[in-house]
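Everything below concerns the one structure shown next.
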Amino acid sequence: MATTGQPLVGADWLYQLQLKKDSIRAIASTSFDLVTIDYSQDGSQQTAYTREDLDVLHASGKTVLAYLSIGEAEDYRYYFKDRWVTKDPKTGLKQPDKDAPAWLGRTNPQWRGNYKVKYWNAEWQSIVLGYVDRILNAGFDGVYLDIVDGFEYWSQQNNGESVTLSRRKAANRMISLVETIAQHTRIDKGQSSFHIVPQNAETILKYDRDGSYLKTISGIGVEDVFYDETHRQPQSEVNYRLPWLQQIRDAGKPVLSVDYVDTNGNSNLVYEGKNLERINLFRDLAIAQDFIPYVAKRDRELNEIVTIPGIQPNP
């Protein structure tokens, strides 16, 4: 049974994954009121944030989401074992070997160290829920779920895996996982207001026949809606995505929109010229849809707090 997601409340969103030792207090000093960060400085358990760290952010009035990939496994996380993968001498990429668990799929060649997962596998889901428990124990207000669009990979005939699902079955299995996370946090753990925020994959709503997924989520984060880095997205692509995002928005669930449009190599540089024009246009397009925009660096590293005088956070 679907649980009800309480909508995120806030006006300014910060998305920063690669943090530094002093990032918590730096974030706390800003006026961003919605924050997505990793659950640790470098993604490892050794540098995981504590409840005291979260108290600092909460004291400054912030709602804090922890990034969590549910459609890919990452080799720098505490649950991953090096013995599971072996380098392919032809491609130089590491792929699952005989010691790999049944849920581990092939590597993502665009993000080395990330591996597709059979997200419907019970063992993988147990790992995810264990990860969620660490996030809960640290005091985060919700999770920001990445690779929800992994369902598309498992419905591709040429994915190179031993399993290919129909698109509907793949989507329904992902919906089930998101709802399982919501059930675990809101019901089993008693955190009824815990936020569930998927990133991208808005078209999964095609398969949300009973509206349970839309009911469950607290909002959505989306990348590259209006720009592909410094290039405008084709209007046909924008027009395809907007109706799904508008459906989420109209249900009272905010849309957090990040485009990687900032070409300043250093955040202390003056914002001017084409870069400033592009930033302003992205923000105008997002705000016109009642989305909450975040201007990120073109390199997609998400390793700094991007503040733009008079623009971001909102003046």
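The values are calculated or read from the model by the stated rules, or taken from the named source; none is laboratory data. Just so it is clear, the model here is predicted, and its values are computed rather than measured. Note: ideal-geometry Cβ built from the backbone for every residue, glycine included; neighbour counts use all protein chains shown. Just so you know, the surface numbers come from the protein's heavy atoms only, side chains and all, with ligands and any DNA or RNA stripped out. Shrake-Rupley method; radii C 1.70, N 1.55, O 1.52, S 1.80 Å.
Only residues that are of a type outside the set (Asp, Glu) and either under 16 Å from Leu145 (Cα atoms) or modelled with pLDDT under 95 (or both) were counted in segment 216-237, giving 7.
Scanning segment 291-315 for residues that are within 20 Å of the chain's Cα centre (by Cα) and over 20 Å from Leu19 (Cα atoms), we see that the one that is surrounded by the fewest Cβ atoms within 10 Å (Cβ to Cβ) is Ile292. Looking across segment 272-296, the residues that are out of contact with any Pro (no Cβ under 9 Å at 6 or more places or on another chain), hydrophobic (A, V, I, L, M, F, W, C) and assigned to a helix (DSSP H, G or I) come down to Leu276, Ile279, Leu281, Ala288. Scan segment 72-118 for residues that are among the acidic types (Asp, Glu) and assigned to a strand (DSSP E or B) and the total you get is 2.
Within segment 198-218, no residue that is under 11 Å from Lys253 (Cβ atoms) sits with its Cβ atom under 9 Å from a residue that is at pLDDT below 95 and open to solvent by less than 10 Å² (accessible area, probe 1.4 Å) at 6+ positions apart or across chains.
Taking the criterion of being without any contact (Cβ under 8 Å) to a residue 12 or more places away in the chain and either open to solvent by 30 Å² or more (accessible area, probe 1.4 Å) or farther than 21 Å from Ala102 by Cβ (or both), would at least one residue in segment 128-151 satisfy it? Looking for residues that are without any contact (Cβ under 8 Å) to a residue 12 or more places away in the chain and either open to solvent by 30 Å² or more (accessible area, probe 1.4 Å) or farther than 21 Å from Ala102 by Cβ (or both), one finds none in segment 128-151, hence no. Identify the residue in segment 201-257 that is among the aromatic types (Phe, Trp, Tyr) and touching an Asp or Glu at 6+ places or on another chain (Cβ under 6 Å) and, among all such residues, is farthest from Asp12 (Cα to Cα). It comes out as Trp244.
Quick check on segment 231-245. Is at least one of its residues of a type outside the set (A, V, I, L, M, F, W, C) and in contact (Cβ under 8 Å) with a residue 40 or more places away in the chain? No, the conditions are met nowhere in segment 231-245.
All of Gly160, Gly190 fail the test of being of a type outside the set (Phe, Trp, Tyr), without any contact (Cβ under 8 Å) to a residue 12 or more places away in the chain and farther than 24 Å from Phe291 by Cβ, apart from Gly190. A search for C-beta distances below 9 Å between a residue of segment 9-24 that is without any contact (Cβ under 8 Å) to a residue 12 or more places away in the chain and any residue that is hydroxyl-bearing (Ser, Thr, Tyr) and assigned to a loop (DSSP other than H, G, I, E, B), counting only pairs 6+ apart in sequence or on different chains, returns nothing.
Hey, among the residues in segment 40-77 that are within 19 Å of the chain's Cα centre (by Cα), farther than 17 Å from Leu8 by Cβ and hydroxyl-bearing (Ser, Thr, Tyr), which one's most open to solvent (accessible area, probe 1.4 Å)? Looking at the filtered set, the residue picked out is Tyr76.
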